[in-house]
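First the structure, then my questions, so here it is.
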Amino acid sequence: MLEINTTINESKNFNNLLMEEKTPILKLNLRGKINNKDFTSNAGKILGVILPVEVGIIISKGHLSIISTGPNEWLLISNNKENNDYELENILFKAISKNNLGAVTNITDQFTIFSLVGSNALQVLSKSSPFNFDALPNNFSAQTLLNNIDITVVKKDKENIDLLVRRSFSSHLWAWLNDSARFL
């Protein structure tokens, strides 16, 4: 992993909405065929959970959250800011990629995470997206566009939402979020 600092080195507070960029944490993309018993067995033993099949499901276990982002694809995100030693990446790579069962890709530096906390979080997001954020259940995720920027929404509850955005679009999205939040 590159030693990259946060792109947006600030937090903003607007009328019951706190926005900030999270500290960079481990993010892995895991791909493999769910009907391949060797893949699911190896992944399950290493992660300590059965991989979710339904797109959008989030499973959290200890230091890790697993998001089903598509058929045969999962996003693994560390829940531990202090420990990003990448041991998990190496273990998964040896068990999955080296055995041609699937692919493990470190996408830590590709994405950043914005945290929106407060009762107006959904209102800001609904200003420039066709997606109905109110209909998204708690502890669920979805991929959509926000102001023409591809994002992954992780809805922990109606007042606690994370947005995963490509680092190259983070400044643009941050500026848009600030502009939209000013009018709350």
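The values are calculated or read from the model by the stated rules, or taken from the named source; none is laboratory data. This structure is a prediction, so every number in the text was calculated from the model and none was measured. We place every Cβ from the backbone using ideal geometry, glycine too, and count neighbours over all the protein chains shown.
Scan the range 138-150 and give yes if some residue there is among the β-branched types (V, I, T), touching a residue at least 40 places away in the same chain (Cβ under 8 Å) and not assigned by TED's automatic domain parsing to the domain that holds E73, otherwise no. Even if it seems obvious, please write down each step before you answer.
At the first step, the residues of the range 138-150 found to be among the β-branched types (V, I, T) are 144, 149.
From what's left, touching a residue at least 40 places away in the same chain (Cβ under 8 Å): none.
So far as the range 138-150 goes, no, none of its residues is among the β-branched types (V, I, T), touching a residue at least 40 places away in the same chain (Cβ under 8 Å) and not assigned by TED's automatic domain parsing to the domain that holds E73.
Can you tell me which of (1) outside any helix (DSSP H, G or I); (2) in contact (Cβ under 8 Å) with a residue 40 or more places away in the chain; (3) not small (G, A, S) is the one N100 doesn't meet?
The single condition N100 does not satisfy is (2).
Collect the residues in the range 158-184 that are at pLDDT below 95, of a type outside the set (F, W, Y) and in a loop (DSSP other than H, G, I, E, B), keeping them in residue-number order.
K158, R182, L184, listed by residue number.
I would also like to ask the following. Name the residue that is nearest to L28 (Cα to Cα), counting only residues in the range 157-175 that are crowded, with 17+ Cβ neighbours inside 10 Å and out of contact with any helix residue (DSSP H, G or I) (no Cβ under 7 Å at 6 or more places or on another chain).
L164
Next up: Anything in the range 130-142 that is surrounded by 15 or more Cβ atoms within 10 Å (Cβ to Cβ) and out of contact with any Phe, Trp or Tyr (no Cβ under 7 Å at 6 or more places or on another chain)? List them, or say none. Working first, answer last.
Keep residues of the range 130-142 that are surrounded by 15 or more Cβ atoms within 10 Å (Cβ to Cβ), which gives 131, 133, 136, 139-142.
Across the range 130-142, the qualifying residues are F131, F133, L136, N139, F140, S141.
Every residue, every condition in (1) of a type in the set (A, V, I, L, M); (2) free of Cβ contacts under 8 Å to residues at least 60 places away in the same chain, yes or no:
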| residue | (1), (2) |
| --- | --- |
| I25 | yes, no |
| D38 | no, no |
| N42 | no, yes |
| L47 | yes, yes |
| L64 | yes, yes |
| T69 | no, no |
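Could you run through the range 107-119 and say how many residues are over 12 Å from L177 (Cα atoms) and either in a loop (DSSP other than H, G, I, E, B) or in contact with an Asp or Glu (Cβ under 8 Å, 6 or more places away or on another chain) (or both)? Before you say what the answer is, go through the steps one by one.
We begin by selecting, within the range 107-119, every residue over 12 Å from L177 (Cα atoms); these are 107-113, 117-119.
So of that shortlist, the ones also either in a loop (DSSP other than H, G, I, E, B) or in contact with an Asp or Glu (Cβ under 8 Å, 6 or more places away or on another chain) (or both) come out as 107-110, 112-113, 117-119.
Qualifying residue count, the range 107-119: 9.
Would you call L88 in contact (Cβ under 8 Å) with a residue 60 or more places away in the chain and in the same structural domain as F39 (by TED's automatic domain parsing)? Before you say what the answer is, go through the steps one by one.
Numbers: in contact (Cβ under 8 Å) with a residue 60 or more places away in the chain: yes; in the same structural domain as F39 (by TED's automatic domain parsing): yes.
When the stated conditions are applied, L88 passes them.
What are the residues in the range 20-61 that are closer than 20 Å to S78 by Cβ and hydroxyl-bearing (S, T, Y), if any?
Across the range 20-61, the qualifying residues are T23, S60.
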